[in-house]
Amino acid sequence: MTTITLYGIPNCDTVKKARTWLAAQQLDFTFHDFKKQGLERATVEAWLQQLPWDVLVNRKGTTWRALSDERKASITDAASALELMLENPSIIKRPVLDKDGKFSVAFSDAQYAAIFGL
């Protein structure tokens with residue numbers, strides 16, 4: 001039995017596309033709204049074991065741009081990125097997909113088709 005959790009925020013266009021795609025494939029999944037439900041340190045640590053921190057931290061978004069130059073300069077490794085993501089989940093590139101403990105970030109039809117073997 002496959003377990004699928006999609007992490008993100010509901011009003012993000014990319015998250016909406018991923019949710020629509022999963023539903024269209026009739027895949028049963030749990031949506032975790034990390035703005036409302038928060039994020040556990042262990043969850044983000046697990047992501048960082050499989051995904052590079054500089055992929056998880058969205059440096060193109062408004063949340064990143066709103067940080068001070070000093071704060072941006074302080075994000076230099078997985079440990080500093082972990083603290084930033086826990087402090088400010090909006091900085092995380094979305095969505096993060098957890099399929100049976102294997103993680104991927106972002107969304108495209110081709111990417112998800114490959115992940116799910118469709």
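Overview of values
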{"item": "Segment residue 67-residue 11, length gained on full extension (0.36 nm per residue, minus Cα span)", "result": "18.0 nm"}
{"item": "Over 26 Å between alpha carbons, listed pairs 72/93; 72/99; 17/72; 16/72", "result": "72/99; 17/72; 16/72"}
{"item": "Value in Å of the Kirkwood radius, where region 4-116 supplies the Cα pairs that are averaged", "result": "14.4"}
{"item": "Helix axis angle, 13-24 relative to the chain longest principal axis, alpha carbon, degrees", "result": "20"}
{"item": "Accessible solvent surface per residue of the chain, calculated while the other protein chains remain in place, 1.4 angstrom probe, Å²", "result": "57"}
{"item": "Protein accessible area in the chain, 1.4 Å probe - carbon and sulfur %", "result": "48"}
{"item": "Karplus (6.51, -1.76, 1.60) ³J(HN,Hα), θ = phi - 60°, over region 28-36, in Hz, Gly and Pro reported as x", "result": "7, 9, 9, 9, 10, 7, 6, 6, 7"}
{"item": "Accessible surface of residue 59 - all protein chains present, 1.4 Å probe, nearest 10 Å²", "result": "110"}
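The values are calculated or read from the model by the stated rules, or taken from the named source; none is laboratory data. This structure is a prediction, so every number in the text was calculated from the model and none was measured. Side chains included, ligands, DNA and RNA excluded: accessible areas come from the protein's heavy atoms. Shrake-Rupley method; radii C 1.70, N 1.55, O 1.52, S 1.80 Å.
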